[in-house]
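The values are calculated or read from the model by the stated rules, or taken from the named source; none is laboratory data. Treat the numbers as computed from the prediction; the structure is a model and nothing was measured. Here the Cβ positions follow ideal geometry from the backbone for every residue, glycine too, while neighbour counts run over all protein chains shown. The accessibility values were calculated without ligands, DNA or RNA, using every heavy atom of the protein model including side chains. Shrake-Rupley method; radii C 1.70, N 1.55, O 1.52, S 1.80 Å.
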Amino acid sequence: MAPKYAPNLRSRLAPLLLFLQTGFIVICALYAEFDPYAFMFGNTSSKLYSEFQDVNVMVVAGFGFLGTFLVRYGFSGSGFNLLVAVIATQWSIILNGYESWIQSRRILIDLKSLVFAEICTASALISIGTVIGKTNPVQLVLIAILEVSGFILNGWLLQTFFEVKPLYCAMQLHTFGAFFGLMLTWVMRRKGSETPFEKEKMDHKTGLFSMFGTLFLWMFWASLNSILVDEGERKLRIILSTYLALAVSAVAAAAVSVFTSPRGRINLDHIQKCSLSGGVAIGVSMSLVHRPWVAMTIGLAAGVISTLSLRYLKGHMLLAFGCHDTCGVLSVHGLPGLLGWLAHLTLQINHMVDRTTAIRFAVFHICTLLITLSLSMSMGVITGLLVKWSFWRPPQDRKCFDDQAFWEFPKLAKKK
C-alpha cells in the first residue's frame, strides 16, 4: 500500500540547504566584509536600523502570518516563509555586492545593502504566493534563488541601459514578483486544477491569524516605500502619501466587497489582501505625487481594481489558462503595480511642457515596463520548468495544502 503522505525530504531538502549555506559562508569568508564607512555615521545608521526593522517585520511576520490562511497549512505558511526569507536575503546580499566586488574585490555589507536584500526577498515571497500549498520546501527555495537572481538582473539592466534610479527599480518588486509567479503557476499547472483543491479552505482561526499578517504589512508599508529615500521633505511626503493611499484602498476594498457579494457581506479575503493594494500602487508612482488627493485617488482606484479582480478575474484565470493563483497575487500586486506605473507615466507627462520630451519619456517608460515584464515572465517559465521536474518530489494533489506531509505531529504518531 502506498504511503499516505509524501516521502521524507531528507535526501533533497537537507543536502540543498547545507550546500547553499556552506556556499554562502565560503563566499563571505573569501570576499565579504562589513563596510568600514558605515560605522562613521552612527546617527544615520540608528535611523536606518529602525526603518530596516519595519521592513524586516513585513518580510518575516507580515508575509509569514499572511500565509497561514489555509486550514491545514499554517505550519508551512509561516515556517517555509522564514526559511525562504533567510536563504533569499543571504543570496541577495551576495548578488547586490557584485558592484563593490568589481571595484574593490570585496563585497561590502551595511544596513543599506541589507535593506536592498530584504526588498529582493519580498519580491520572491510575492512570487511564491502563487504556488503556496502546491510545492514542497525544496521547490520553494529553488524558486526564491532564481526569482531573486532575475529581479536583481532586471534592476541592473534598467540602471545600466536606461539609467533608471535604484528607487524605481526596487519598487518594481510587485510587478516583477507578480508576473514571475503568474507564469510559474501556469507552467506548474496540474491536470484537473480547474476545480478547487480539497484542502484549500479557510476557517475562522486561520483567517484571524492571516489578518495579523495584513495588519503588520499595512502598518509598516510606509517604511518600505520611503526607506531608500534620504531624510527631508520628499521622504515625509512619501510617508504621508503611502498612508493616505493605504487608508483609501482599505475603504474601497470593503465597499466593493459588499457591493459584489450576493448576500451583501464583507469578504475577509478581500480585506486581508486588497487593503494593501494602495501601498503597491503608490509605491511605483510616489516620487511624482505632490498632492493628497492624488494619493487618495490612486488608492481608491487600486482598491476597486484589486477587489474586483480578486472577486472575478481569479476564477476566470483558473478556468481559461489553468493559472491557479493561491494568494491572488495578480490582483494584489500585479494589477495595482501596473496602475502605479500608469499613474507615474500620466503624472510625469502632465508636468512636462514640451511635447517632444513627453513622447520620449513615454517611450522610455514603456520600454522599462516591457523589459520588466519580459524578464519576469521568461524567468517564471524557466523556473517553472525546472522545479516541475519530478526529481524534486512535488506533492501529489491529495497532499497539497497539508502540513502533515512535511511537519512532525507527535500526537498523530503511531504507538509502537
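Brief remarks on what is shown
- Count - residues of the range 84-113 that are at pLDDT 95 or above, open to solvent by 40 Å² or more (accessible area, probe 1.4 Å) and not polar (S, T, N, Q): 3
- Of the residues making up the range 212-244, those that are over 21 Å from Ser46 (Cβ atoms), surrounded by 17 or more Cβ atoms within 10 Å (Cβ to Cβ) and in contact with a helix residue (DSSP H, G or I) (Cβ under 7 Å, 6 or more places away or on another chain) are Gly213, Thr214, Phe216, Leu217, Trp218, Trp221, Ser241, Thr242, Tyr243, Leu244.
- Pairs, first more than 13 Å from Trp341 (Cα to Cα) and in contact (Cβ under 8 Å) with a residue 40 or more places away in the chain in the range 357-380, second of a type in the set (Gly, Ala, Ser) and part of a helix (DSSP H, G or I), C-beta under 7 Å, six or more apart: Leu375/Gly150; Ser376/Gly150; Met379/Gly150; Gly380/Gly181
- Subset of the range 256-275 [closer than 13 Å to Val304 by Cα and open to solvent by 40 Å² or more (accessible area, probe 1.4 Å)]: Val258, Phe259
- Residue match in the range 295-302 (condition: of a type outside the set (Lys, Arg), surrounded by fewer than 24 Cβ atoms within 10 Å (Cβ to Cβ) and not in a helix (DSSP H, G or I)): no
- Residue match in the range 344-351 (condition: of a type in the set (A, V, I, L, M, F, W, C) and either open to solvent by 50 Å² or more (accessible area, probe 1.4 Å) or on the phi > 0 side of the Ramachandran plot (or both)): yes
- Within the range 112-148, tally of residues that are over 14 Å from the mean Cα position of the chain (by Cα) and of a type in the set (S, T, N, Q): 4
- Close pairs (6 angstrom Cβ cut-off, 6 or more residues apart or separate chains): modelled with pLDDT under 95 and in a helix (DSSP H, G or I) in the range 226-241, open to solvent by 100 Å² or more (accessible area, probe 1.4 Å) and not basic (Lys, Arg) anywhere: none
- Tally, over the range 387-410, of residues that are open to solvent by less than 70 Å² (accessible area, probe 1.4 Å) and in a helix (DSSP H, G or I): 6
- Number of the exception - Thr326 against (1) in contact with a Gly (Cβ under 7 Å, 6 or more places away or on another chain); (2) modelled with pLDDT of 95 or more: (2)
- Lone unmet requirement of (1) within 30 Å of Tyr49 (Cβ to Cβ); (2) assigned to a helix (DSSP H, G or I) for Trp186: (1)
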